[in-house]
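Below is one structure, written out as structure tokens; comments come after it.
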Amino acid sequence: MKRAMTSPDSAQPLILVDQVSLDRGNRRVLDQVSLTVAAGEIYALLGGNGAGKSTTLSALLGFLRPASGALEVAGIDPVSQHDQACARIAYLPENVALYDQLTACENIAYFMALAGAEPDRASMDRALDAAGLQVEARDRRVSGFSKGMRQKVAIAMAVLRDVPVLLLDEPTSGLDPRATADFNALLARLKARGTAILMVTHDLLGAADCADRIGFLASGRIVEEVRPADGIDVLALHHRYGEAAAA
């Protein structure tokens, strides 16, 4: 089978989607999709509703079996070796599910215990410092937290787990500009640590601010891939894909 083109920065990508096709019912949602994400790289996958963005994440999480092609997360097939692959992934959904009656630190302690870890308070505070959650909020119940604050708790868990792969589903949806800037700064720190980050989004401008590569998904195919560092015409890209991505 032909391998997907790898990033020139790494011969062994941490995320590999290789000629993957996937059907849901009678509809082909992904049609020979190929992409890679290397260690220390951020890849943004853009597309409108129904383009296949969330399906790509679900396949990488091992929840959907492709009709053809291959998937790897840190060299592991997430479908046939689901538990081993998930142990190497941190996943941030669009709407973070936390227990409202627990505090930020209690939520972290609970979910980390499910993952087989028991971080001490100092470790949790360092992770929450990195995520940017205010000290005074850490021992409050999360029922009153904004979406941005909830995301910071979830990102702190990703920092604590120290896994090689981070999957993000519309991570800046609903965030104000300050929270988005804080989130992008945190992604830069995780990237510097060597994490491979794949984010699906409809926000072209936000992706151009933080991603090393941007792939445009339409009708189940990646129709174009660009590198913001090479200089891109964001306005032209927005005219081509922005309206569809926002749909």
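Before moving on, here are some points about what is shown:
- Top-ranked residue of segment 97-121 - restricted to ones that are outside any helix (DSSP H, G or I), touching a residue at least 24 places away in the same chain (Cβ under 8 Å) and among the aliphatic types (A, V, I, L, M), ranked as surrounded by the most Cβ atoms within 10 Å (Cβ to Cβ): 98
- Among the residues of segment 185-225, those that are in contact with a strand residue (DSSP E or B) (Cβ under 6 Å, 6 or more places away or on another chain), closer than 27 Å to residue 69 by Cα and surrounded by fewer than 20 Cβ atoms within 10 Å (Cβ to Cβ) comprise 212, 221, 223, 224, 225.
- Filter result (at pLDDT 95 or above and more than 19 Å from residue 93 (Cα to Cα)) within segment 174-213: 212, 213
- When residue 104 is tested against (1) modelled with pLDDT under 95; (2) under 30 Å from residue 129 (Cβ atoms), exactly one condition is not met: (1).
- Residue list for segment 40-56, restricted to those being surrounded by fewer than 20 Cβ atoms within 10 Å (Cβ to Cβ), at negative phi and in contact with an Asp or Glu (Cβ under 9 Å, 6 or more places away or on another chain): 48, 54
- Unmet requirement for residue 228, which otherwise passes all of (1) over 24 Å from residue 58 (Cβ atoms); (2) crowded, with 21+ Cβ neighbours inside 10 Å: (2)
- Pairs where the first residue, in segment 122-133, is outside the structural domain of residue 171 (by TED's automatic domain parsing) and the second is in a loop (DSSP other than H, G, I, E, B), C-beta under 7 Å, 6+ apart: 128/138
- For segment 1-54, residues that are modelled with pLDDT of 95 or more, small (Gly, Ala, Ser) and either in a helix (DSSP H, G or I) or under 23 Å from residue 88 (Cα atoms) (or both) total 5.
The values are calculated or read from the model by the stated rules, or taken from the named source; none is laboratory data. Source: prediction; values computed, not measured. Note that we place each Cβ from the backbone using ideal geometry, even for glycine, and neighbour counts take in every protein chain shown.
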